[in-house]
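So the structure is just underneath, and the comments pick up after that.
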Amino acid sequence: VLLLTPDLVSTPRHRTFPDKNVYSTLMYFTSDWLNEYWDAIKGDDYRFVYMGPKGSWTPFHADVFRSYSWSANICGRKKWLLFPPGQEEYLRDCHGHLAYDVTSPDLQDGSMYPCYSKCCQPLEVIQEAGEAIFVPSGWHHQVYNLEDTISINHNWVNGCSVALMWHFLQCELKAVQQEIREWQETMDGWHQHCQVIMKSCTGIDYKEFYIFLKVIAENRIQFLEDYFAGRDVSPPLLKLGSLHAMYDISRAADVLAVLIANEDFKKLETESLSPAPLQLLHHLQTVIDDAYRINNM
């Protein structure tokens, strides 16, 4: 968990009013695969402005896709209660449900929360106006507005966390499969139904995750081609540079290889995916080899 005094330096991205420089993303958070993808497909995104009166709060949770998040206070103050990954397992009730409020006296009831005594104390952070906080992947948290507060918040994924996103999706699919296991033998297209249910719960399925990796990788391939040819390139990627682009392609290729080998992915109808997953993987591996060779000349 990192507190920063914002120095807003990167190119602003705002769809509704593209000519208005409302705010810019902190330099540290500019490698943002999640919102880059949703911009590319012109869907919704994971950028938010939160406004809450004094005393309002957000219940205990971890962020979407086990993404990173950052939050910058425009005005007001917040209190964060943060738990390292794994501690949330001690905050489940006897039915396996996460606590709604980690400060509730109900957690002291050993018959309802049998593992609560094993949980560590939360990391408590007071966030002042003009400060930004970074929340790592998988850190469950609960947040209070100590004053009337306005904040800008992004959920984001990059090459360092995309494998965690993939692990989260596998866990979500497994949970769906367990819920409807009894109909596996009698339901036509059971595996596809599991994907539909998972997407309704999480916002993405395995085939769209493939498209997600493809879009990120192809954007960086185009960047490298333009960069080495001396053509104009995308300002956000230019700030990250060619080595970062190569790293991103490498990480996309690593996760794509695992996706292709996944038994549940193999059971899906992937003929509509273009290029074919194996073809894309081979292309990425070729690009990585060529880019490192050119960069080391």
request  = Give the shape of segment 86-185 as rounded, prolate or oblate, defined through the alpha-carbon gyration tensor: a ≥ b ≥ c are the square roots of its eigenvalues, a/c under 1.5 means rounded, and otherwise the shape is prolate if a/b is larger than b/c and oblate if not.
outcome  = oblate
query = Quick one: length gained pulling I150 to E128 fully straight, 0.36 nm per residue minus the C-alpha distance?
reply = 6.8 nm
query = For segment 198-256, what D do you get in µm² per second when you plug the Kirkwood radius from alpha-carbon pairs into Stokes-Einstein at 20 °C and 1.002 mPa s?
reply = 172
ask   = What full-extension length gain, to one decimal in nm, is calculated for E263 and H95 as 0.36 nm per residue of separation minus the Cα-Cα distance?
value = 57.5 nm
inquiry  = In whole percent, and with a 1.4 Å probe on the protein chains, what portion of the accessible area of segment 181-278 is carbon and sulfur?
reply    = 53
key: Global form of segment 135-259, assessed from the alpha-carbon gyration tensor, a/c cut-off 1.5   = oblate
remark   = In whole percent, the Cα-Cα distances of segment 229-289 spread across 5 Å bins from 0 upward as 4, 15, 21, 20, 16, 12, 8, 4, 1
ask   = Computed over the Cα atoms, what is the radius of gyration of the chain divided by 2.2 N^0.38 Å, N being its residue count?
value = 1.11
query = Going toward the positive end of the dipole of segment 205-253, with +1 on Lys and Arg Cβ and -1 on Asp and Glu Cβ, which of I211, G241, I221 do you reach last?
reply = G241
note = Using alpha-carbon coordinates alone, the radius of gyration and Dmax of segment 24-118 in Å work out to 17.1, 49
note = Shape call for segment 137-200, from the Cα gyration tensor axes a ≥ b ≥ c (a/c under 1.5 means rounded, otherwise prolate when a/b beats b/c, else oblate), comes out prolate
query = Distance in nm between label sites at L243 and Q222, each 7 Å beyond Cα in the beta-carbon direction?
reply = 2.6
ask   = Within segment 170-297, what is the number of lysine pairs with alpha carbons under 15 Å apart, leaving out pairs fewer than eight places apart on the same chain?
value = 5
query = If the convex hull of the alpha-carbon atoms of segment 170-236 is projected onto planes in all directions, what is the mean projected area in square nanometres?
reply = 6.2
task = Take the alpha-carbon centre of segment 47-75, take the same for segment 240-266, and report the distance between them in whole Å.
result = 29
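The values are calculated or read from the model by the stated rules, or taken from the named source; none is laboratory data. Please read these numbers as outputs of a predicted model, since none were measured by experiment. When we count neighbours, we look across all protein chains shown, and the Cβ atoms used for this are built from the backbone with ideal geometry, even at glycine. We work out accessible area using only protein heavy atoms, side chains counted, and drop any ligands, DNA or RNA first. Shrake-Rupley method; radii C 1.70, N 1.55, O 1.52, S 1.80 Å.
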